[in-house]
Amino acid sequence: MKNFKILWAIICTLLIVLIAVAYKFVQGSVAVSDDERVAVVLSKDERNLILSEMRNFLISTQKISEAITNDDMELVATLAKSAGMAAEANTPGSLLAKIPLSMKTLGFDTRKKFDQIAADAAELKIPVHSRRQLDQLMKNCIACHSSFKIIEEVSR
Ligand code: HEC
């Protein structure tokens, strides 16, 4: 009977730890913010890394749009490929752990949409199709920006 109680205590403790880890994984490192958005709390370097990735996103989007206008589908494929999942290789795991699951999902989906643009530009070579894909992809930029912002953690 006593052993049974100890066993239950262990199971309950493990369950609580598991729930806490899962919660942290889904929620990430966040804080309340003064606007409607969720504030993701990152170190100075991590914030700088994400913001520089963002500026690259803007450059890629502009360049791909221009290449579509110029009917240069080979360039569309090259540019989109470099903005795709391959670019995620440099993101440290410790940074990914701080990002809420819903933001990560949106981020990876955006990378995959760039990969799809690359694949279709290389294979189909139809500018208006690529244009539509880019139009859809940019809705991800809007969705994420209206939901999240990044603040720097106060150094201790
Ligand atoms: C998964 C979420 C997410 C997606 C998708 C996303 N962004 Fe961002 N972006 C952010 C966040 C968060 C910030 C910081 C906003 C803040 O703190 O106010 C940001 C900031 C930026 C900035 C400002 C960079 C700076 O130096 O301050 C630019 C430019 C930008 N994004 C462009 C884009 C473009 C273009 C796309 C789509 C191709 C895109 N982003 C997609 C989350 C995202």
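Selection of the stretch 123-156 for residues being closer than 18 Å to residue 40 by Cβ and either aromatic (Phe, Trp, Tyr) or more than 12 Å from the ligand (Cβ to nearest atom) (or both) yields 148, 153, 154, 155. Give the residues of the stretch 66-106 that are open to solvent by 50 Å² or more (accessible area, probe 1.4 Å) and polar (S, T, N, Q), sorted by residue number. Those that are open to solvent by 50 Å² or more (accessible area, probe 1.4 Å) and polar (S, T, N, Q): 69, 70, 78, 82, 90, 94, 102, 105.
Every condition in (1) under 17 Å from residue 51 (Cβ atoms); (2) buried (at least 18 other Cβ atoms within 10 Å of the Cβ); (3) not polar (S, T, N, Q) holds for residue 114 except the one numbered (1). Note on the stretch 30-61: among residues that are in contact with an Asp or Glu (Cβ under 8 Å, 6 or more places away or on another chain) and either surrounded by 13 or more Cβ atoms within 10 Å (Cβ to Cβ) or of a type in the set (A, V, I, L, M) (or both), the one that is farthest from residue 91 (Cα to Cα) is 41.
The number of residues in the stretch 98-127 being closer than 13 Å to residue 79 by Cα, of a type in the set (Asp, Glu) and more than 17 Å from the chain's Cα centre (by Cα) comes to 1. Among the residues of the stretch 14-54, those identified as of a type in the set (S, T, N, Q) and modelled with pLDDT of 95 or more are 43, 48, 52.
The values are calculated or read from the model by the stated rules, or taken from the named source; none is laboratory data. As the structure is a computational prediction, the values presented were derived from the model and not from experiment. Virtual Cβ from ideal backbone geometry, glycine too; neighbours counted across all protein chains shown. Areas reflect the complete protein model, heavy atoms only, side chains present, ligands, DNA and RNA absent. Shrake-Rupley method; radii C 1.70, N 1.55, O 1.52, S 1.80 Å.
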